[in-house]
Amino acid sequence: MTTPTPTTPMNRLSILVLGAFALGLDAYVMAGLLPKVAADLHTSESAAGQMVTLFTLCYALAAPVFATALAGRPAKTVLTLALLLFTAANALTAVAGSLAVLLVARALAGVGAGVYSPMAAATAASLAGEERRGRALALVMGGMSIGTVIGVPVGVLLADHVGWRGTLWLITGLGAVAIAGLVLALPRLEAAPPPPLRERARVLARRPVAAIAGVSLIAGVTSLGLYTYLAPFLADAGGIDGTLGAMWAWGLGGVAGSLLIGRIVDRTGRPYAVVTVVLLLLCLSHLLLPVAAHVTWVLAVPLVVWGATGWALQVPQQHQLIAARPDQAPVAVSLNSSAVYLGSALGSALGGVVLAAGVAPADLPYWTGGLVALGLVLHLVLVRMPRSAEAETAPGRNVRTPESVPAGE
């Protein structure tokens, strides 16, 4: 076993970051490729949208089961197996000739991604050592967010030139390079195993945790439920052909939100109040999308706000979970991640159901905005984080922050 030290070479962490980048790109790029995939496979966009549902559903539900089954194996082995499955599934996606094969491929990719992500974060924390743990985790999570925010528009742009299958081959290539790096550069070490499923269930049974996770689930439903069908919404509401500009606006908002929210929470020391404001802005941005869709520069405003609030929400949510269960902070935070991805799966599925039922794509943001309003009510009525609990997350308090908790513990 290799003993981690703070001086671990950065190239070891960069391999983990590359894998996370591929995961972030793969998780969201399919939404931008939806019209091309549906046309190529001669199916409806609502049916093709279920590929996003299966990816996120397997990430949220199947991945914790597999991660628990693999507990005790060396981190290098688990990471390599997960990336092998992820990469093979993306290759299968690239050659899929039918909707059935495509859906199976996306489900397998979701399992591989879900096993890799928490283990990569825990491994990065072990490699970096206690003093640099936060920065190591930020690098891995940053790789995933950059893959989503920047990689997705680039992937969609690439698909305009080489087809949607070409973008999937790019992701497959990234996965292959990351596998080679893991085999050649990553030392053999043990990472913190994921919590048993029964422990997750016990923590989730507590009301504050369940209510906070419920809000995260609803946020996942609304964000990916609308993002998956962004292309048909833009075409129906504003006659806009293509999603590239909208994705850049949403992505730039996401970068701003993810960079600024930590400082806002630290300065205010009131994550409950921050979540309230973020949910309100998220709701308003969805409701304003159909109204703004007719003017491009006006449409950019709710898109940026949507991206910023969607990416910002989970930081104060994690703070609230740590305040609610400081004795089980790692488990509570991991449950929040599962809730987000489960919500994403439900969102893309429900979006397809709503559209198949005859609702115009232009009206979809009204439905998602209503769900955000429901999440805001749930937050205000059931979470009700008291000021004394919020104060525990203020700067200077001895509480483990999300950055100090290895993901996947």
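The values are calculated or read from the model by the stated rules, or taken from the named source; none is laboratory data. Everything numeric here is computed off the predicted structure, so don't read it as measured data. No Cβ is skipped: glycine too gets one built from the backbone with ideal geometry, and neighbour counts run over all protein chains shown. The area values use the complete protein model at the heavy-atom level, side chains included, leaving out ligands, DNA and RNA. Shrake-Rupley method; radii C 1.70, N 1.55, O 1.52, S 1.80 Å.
Within the range 275-301, can you find the residues that are under 20 Å from the mean Cα position of the chain (by Cα) and either surrounded by fewer than 19 Cβ atoms within 10 Å (Cβ to Cβ) or of a type outside the set (S, T, N, Q) (or both)?
From the range 275-301, those under 20 Å from the mean Cα position of the chain (by Cα) are 275, 278-279, 281-283, 285-286; that's our starting set.
Those that are under 20 Å from the mean Cα position of the chain (by Cα) and either surrounded by fewer than 19 Cβ atoms within 10 Å (Cβ to Cβ) or of a type outside the set (S, T, N, Q) (or both): V275, V278, L279, L281, L282, C283, H286.
Which condition breaks for I240 when tested against (1) part of a helix (DSSP H, G or I); (2) open to solvent by 10 Å² or more (accessible area, probe 1.4 Å); (3) closer than 19 Å to V301 by Cα; (4) aliphatic (A, V, I, L, M)?
The one condition I240 does not meet is (1).
Need pairs with beta-carbon distance below 7 Å; first residue more than 18 Å from A47 (Cβ to Cβ) and within the range 89-103, second buried (at least 19 other Cβ atoms within 10 Å of the Cβ) and among the aliphatic types (A, V, I, L, M); sequence gap 6+ or separate chains.
That search, which allows pairs on different chains as well, returns A89/A105; A89/L108; A89/A109; N90/A109; N90/L168; N90/I171; L92/A105; A94/L168.
Just checking, does the range 12-28 include any residue being out of contact with any strand residue (DSSP E or B) (no Cβ under 6 Å at 6 or more places or on another chain), closer than 15 Å to A107 by Cβ and among the polar types (S, T, N, Q)?
For the range 12-28, residues out of contact with any strand residue (DSSP E or B) (no Cβ under 6 Å at 6 or more places or on another chain), closer than 15 Å to A107 by Cβ and among the polar types (S, T, N, Q): absent.
Could you look through the range 271-298, keep only residues that are in contact with a helix residue (DSSP H, G or I) (Cβ under 7 Å, 6 or more places away or on another chain) and hydroxyl-bearing (S, T, Y), and pick out the one that is nearest to W367 (Cα to Cα)? Show your work before the answer.
Step one: list which residues in the range 271-298 are in contact with a helix residue (DSSP H, G or I) (Cβ under 7 Å, 6 or more places away or on another chain), which gives 271-272, 274-276, 278-283, 285-290, 292-294, 298.
Next, from what is left, pick out any that are hydroxyl-bearing (S, T, Y): 272, 276, 285.
On the way: Y272: 25, T276: 20, S285: 12 Å.
Filtering first and then ranking leaves S285.
Residues in the range 203-217: is at least one under 25 Å from A356 (Cα atoms), part of a helix (DSSP H, G or I) and either aromatic (F, W, Y) or modelled with pLDDT of 90 or more (or both)?
To start, the set of residues in the range 203-217 that are under 25 Å from A356 (Cα atoms) comprises 217.
Next cut, part of a helix (DSSP H, G or I) only: 217.
Those left that are additionally either aromatic (F, W, Y) or modelled with pLDDT of 90 or more (or both): 217.
Checked against the condition, which is being under 25 Å from A356 (Cα atoms), part of a helix (DSSP H, G or I) and either aromatic (F, W, Y) or modelled with pLDDT of 90 or more (or both), the range 203-217 yields at least one hit.
Kindly provide the set of residues from the range 65-84 that are open to solvent by less than 80 Å² (accessible area, probe 1.4 Å) and modelled with pLDDT of 85 or more, ordered by number.
If the condition is that a residue be open to solvent by less than 80 Å² (accessible area, probe 1.4 Å) and modelled with pLDDT of 85 or more, then K76, T77, V78, L79, T80, A82, L83 are the ones that fit.
Taking the condition of being over 13 Å from A249 (Cα atoms) and either in contact with a strand residue (DSSP E or B) (Cβ under 8 Å, 6 or more places away or on another chain) or of a type in the set (G, A, S) (or both), how many residues in the range 294-309 meet it?
The qualifying residues number 0.
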